Amino acid sequence: MTEPTFSFPTIRLKPKANARAIRHGAPWVYDNELVTDRRTKSIAPGTIARLEDNDRNFLALVAVNPNSRIFGRVLERAEEAEIDTEWFATRIATALAHRETLFDQPFYRLIHAEADGLPGVVIDRFGDTCVVQPNAAWADVLIEPLSEALRQVTGVNTVVMNGTGRARGLEGLEEKTEILCGAVEGLIPVPMNGATYMADLLGGQKTGLFYDQRPNHAFAQRLVAGKKVLDVFSHVGGFALASLAGGAASALSVDSSAAALELAEKGAAAMNKSDVFATRKGDAFDVLAALAEEGESFDVVICDPPAFAPSKPALEKGLRAYERVARMAAPLVREGGYLGLCSCSHAADLDSFRTASNRGIGRGVGHLGRSAQLIHTGFASADHPLMPQLAESGYLKALFYRILP
């Protein structure tokens, strides 16, 4: 299937807009950088347009959404390009080659949005099934050629569209989830770092599983042999199941979602680890406080909360929340044990997250006469590449500390 050539409308940068940034790879054009008249504002969301500088020189083909602060997303630098099935297939094939170099099984993030040349698009692969998150209007409009190219290149049988989440709301898009082709029959077992996770592709959070923590799970496994582990904000078993695969004596998963904890229990059962795995449902802060009151302690404690600072306006409040997590978790770690703290907030950079965590740990164990060492800093898996021109793509941070006497 090849779509017909489009007659692209034109949008133009203001005289003082930074055209050089676009030429050097910047992927986004904000609404305040463009000459916006009635014609421009009436362009339908998801339309492909020609972007010109103030002197009418062609810069790129961009996907337009007048309803978004990100008015244009750069798709292609070649003016004569057609955004069709073949175009999608080329981008997907390039991404697939990298993932097949990294992994010997087809369980990974296949497309990581701008970093893989498909802005606003996330695709996770679960064996013969791919889940697409079209978080930008253009991907909604072109979901059929995208899905067809995905099947052609990867050979998957099933493609699911998961159109939910905060990003779609910012684009003015409705929430919807549908199976574009094939069928999803029950949960999908996902092998990762020796553990088995159960992915619910239709009812789970986002695409059903988070692949980004894979290397941080692997690092944690080096710390847990024979140890008692606490995994807070565990989702479907995250660090807990990885720890059991790494030889932990026991693991406790804490999460507010009963459905997520049920999936974690099924994962533990698939690993024959149910006898050393337990769950506790509740607000993470309430459970941390309760565990302290109960006199509990653990050799390894890992906290992987949701994005407390998803945007710049939420940054200060989010950093206070990260500090609170560290302050409450650190006293639960036995002397000589380990504490892992994670952040998936785009707005909180590594330095600010580390500062908040250090401050929280100091307040958490300082009065006990104890101190800490920062022993490791981790980031997202290599199937979540970072685009150098887009700092937001480097969102995941993981800090591991040793708690000293």
(request) Within the range 225-245, work out how many residues are over 15 Å from C342 (Cα atoms) and surrounded by fewer than 24 Cβ atoms within 10 Å (Cβ to Cβ). (result) 5
(message) Which of the helices (runs of 4 or more DSSP H) found entirely inside the range 1-103 contain at least 1 residues meeting this: closer than 26 Å to R151 by Cβ?
(response) 85-102
(message) For the condition assigned to a loop (DSSP other than H, G, I, E, B) and among the hydrophobic types (A, V, I, L, M, F, W, C), what is the one hit in F210, F219?
(response) F210
(request) Might you let me know whether the range 320-332 holds any residue that is of a type in the set (D, E), surrounded by 14 or more Cβ atoms within 10 Å (Cβ to Cβ), assigned to a helix (DSSP H, G or I) and out of contact with any Pro (no Cβ under 7 Å at 6 or more places or on another chain)? (result) yes
(request) Identify, by number, the condition in (1) free of Cβ contacts under 8 Å to residues at least 40 places away in the same chain; (2) surrounded by fewer than 22 Cβ atoms within 10 Å (Cβ to Cβ) that D255 doesn't meet. (result) (2)
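Of the residues R359, R354, which single one is touching a strand residue (DSSP E or B) at 6+ places or on another chain (Cβ under 8 Å) and in a helix (DSSP H, G or I)?
R354
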(message) The conditions are (1) touching a strand residue (DSSP E or B) at 6+ places or on another chain (Cβ under 7 Å); (2) surrounded by fewer than 20 Cβ atoms within 10 Å (Cβ to Cβ); (3) of a type in the set (D, E, K, R), and D140 fails exactly one of them. Which is it?
(response) (2)
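Please specify each residue of the range 149-159 satisfying the condition of being surrounded by fewer than 24 Cβ atoms within 10 Å (Cβ to Cβ) and in contact with a strand residue (DSSP E or B) (Cβ under 9 Å, 6 or more places away or on another chain). Give the derivation first.
Initial filter on the range 149-159 (surrounded by fewer than 24 Cβ atoms within 10 Å (Cβ to Cβ)): 149, 151-159.
Residues satisfying the conditions are R151, T154, V156, N157, T158, V159.
A short reminder: the numbers here are calculations on the coordinates, not readings from a lab. Remember, predicted model here, so these are calculated numbers, not experimental data. Using ideal geometry, Cβ is built from the backbone for each residue, glycine included, and neighbour counts are taken over all protein chains shown.
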